[in-house]
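Chemist: First, the structure itself, so that you have it in front of you.
Nothing in this text is a laboratory measurement; each read-out follows from the coordinates by a stated rule. Because the structure is a prediction, the values reported are computed rather than measured. Don't worry about glycine lacking a Cβ; one is built from the backbone with ideal geometry, like all the others, and counts go over all protein chains shown.
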There are 2 protein chains.
Amino acid sequence: MNALIILAHGSRRKESNLEIKKLAEKVKTLAESDYSVVDYAYLEIAEPNLLYCIDKTVEKGMTEITVLPYFLNSGVHVERDIPAIIETATEKHPDCKFKVSSCIGMSEEMPAMILERAKL
Amino acid sequence: MNALIILAHGSRRKESNLEIKKLAEKVKTLAESDYSVVDYAYLEIAEPNLLYCIDKTVEKGMTEITVLPYFLNSGVHVERDIPAIIETATEKHPDCKFKVSSCIGMSEEMPAMILERAKL
């Protein structure tokens, strides 16, 4: 029983946070049976935060959780803040396996996506 | 003679800014003859800033410049700050045609990219 959590920075702007919620819904549809749960969380400012989202996901019986940092750069948030939260989560839920993928900005397909978007 | 400028937020972290430079190089290679110039700029904190980058691009003889906001959300930067800079650039370079694409986070392929990245 595995889950995917899309982790965004979080914004003071409600519409930006809503964009993440909608994105997670699209990912959920596309994921089909790859993940039993697809959810989203925010690192700062907005709720739900990552630890709360993880707790809720574990309560649903998930035993493997992948966190995808929805960040364009591998900065302090990605390299320090997120691993620190995952460490806390691992201590809290020792029977759950956690994985953090590299951030979305590291995608090899990003240059092609940029060219595609620039046309629109 | 058209140009593409990838506009990132800009970071205090040198490595993050360097990631944008490298990304622009990859886009340039992939773009082949689509753009005569592919460059990058930062909205805040880091240099080159957008207006400077535009000036330099116009000096190279470019008559059409597409700015791609390398942002995940359509927040204040995308909706207010970038259009304001483009307005200034348009007044300064009336013979150059400017286009601002929607931000990279709006890409329809983003949900698929998230699922792909989550596997790694």
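Chemist: If each label sits 7 angstrom from Cα along the C-beta direction, how far apart, in nm, is A:PRO94 from its counterparts in the other copies?
Modeler: 7.4
Chemist: Let me ask something else. How much mean residue ellipticity at 222 nm does chain A get from its helices, if each DSSP H run of length 4 or more adds -39500 (n - 2.57) and you divide by all residues, to the nearest 500 deg cm²/dmol?
Modeler: Taking each H run of at least 4 residues, the total per residue is -12500 deg cm²/dmol.
Chemist: Taking B:LYS26 in one copy and the same position in all the others, each labelled 7 Å out along Cα→Cβ, what are the pairwise distances from the first, in nm, shortest first?
Modeler: Copy-to-copy label distances at B:LYS26, shortest first: 2.0 nm.
Chemist: Quick check on chain B: what does the Kirkwood estimate of hydrodynamic radius come out to from the alpha carbon pairs, in Å?
Modeler: About 14.9 Å, per the Kirkwood formula over Cα pairs.
Chemist: How big is the gap, in Å, between the Cα center of the range A:98-114 and the Cα center of the range A:9-44?
Modeler: The range A:98-114 and the range A:9-44 have Cα centres separated by 16 Å.
Chemist: Measure up A:LYS28/B:LYS26; A:LYS60/B:LYS119; B:LYS60/B:LYS99; A:LYS22/B:LYS97; B:LYS26/B:LYS60 against 24 Å on the Cα-Cα distance and list the ones that go over.
Modeler: From A:LYS28/B:LYS26; A:LYS60/B:LYS119; B:LYS60/B:LYS99; A:LYS22/B:LYS97; B:LYS26/B:LYS60, over 24 Å: A:LYS28/B:LYS26; A:LYS22/B:LYS97.
Chemist: Continuing with the same structure: Counting only other chains, what is the mean number of Cβ atoms within 10 angstrom of the Cβ of each residue in peptide B:100-107?
Modeler: Taking the mean over all residues of the peptide, I get 5.
Chemist: Now for a different question. Just counting partner chain Cβ atoms within 10 Å, what average do the residues of peptide A:67-80 show around their Cβ?
Modeler: If you average over the peptide's residues, the count of other-chain Cβ atoms is 4.
Chemist: To test your reading of the geometry: what angle, between 0 and 90 degrees and rounded to tens, separates the Cα axis of helix B:14-31 from the longest principal axis of chain B?
Modeler: Helix B:14-31 sits roughly 80 degrees off the main axis of chain B.
Chemist: Also, quick follow-up: Hey, for A:VAL76 with labels 7 Å out along Cα-Cβ, what do the inter-copy distances come to in nm, ordered shortest first?
Modeler: Label-point distances to the other copies, shortest first: 1.9 nm.
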